[in-house]
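Colleague: Just dropping this structure here.
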């Protein structure tokens, strides 16, 4: 069974930085899933993350870093469990 890393990124009005961050992560050679948890941004953060191919979770309100991070980790674990049970490892 191969190992996989999941990067969970919490954002709030981060359009200035999210594109470069996601490009950098996509250049990595290690297998990587990217989950962006947006905390109610009012700028272009969500569309940039979606266009980059990240899984995006949108919170209607800013729940704070810890709560948003926990949401992202739960999502990542769910994706990994689903892949495991499909025999995708």
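The numbers here are math on the coordinates, done by the rules we state, and not lab data. No experiment lies behind these values; they were computed from the predicted model shown. Every residue, glycine among them, receives a Cβ derived from its backbone with ideal geometry; neighbour counts consider all protein chains shown.
Colleague: How fast does the chain diffuse by Stokes-Einstein, in µm²/s, taking the Kirkwood radius from C-alpha pairs at 10 °C and 1.306 mPa s?
Modeller: 118 µm²/s
Colleague: Which order do the peptides 36-47, 20-31, 56-67 come out in when sorted by mean C-beta neighbours inside 10 angstrom, highest first?
Modeller: Per-residue Cβ counts within 10 Å, averaged per peptide and sorted highest first, yield 36-47, 56-67, 20-31.
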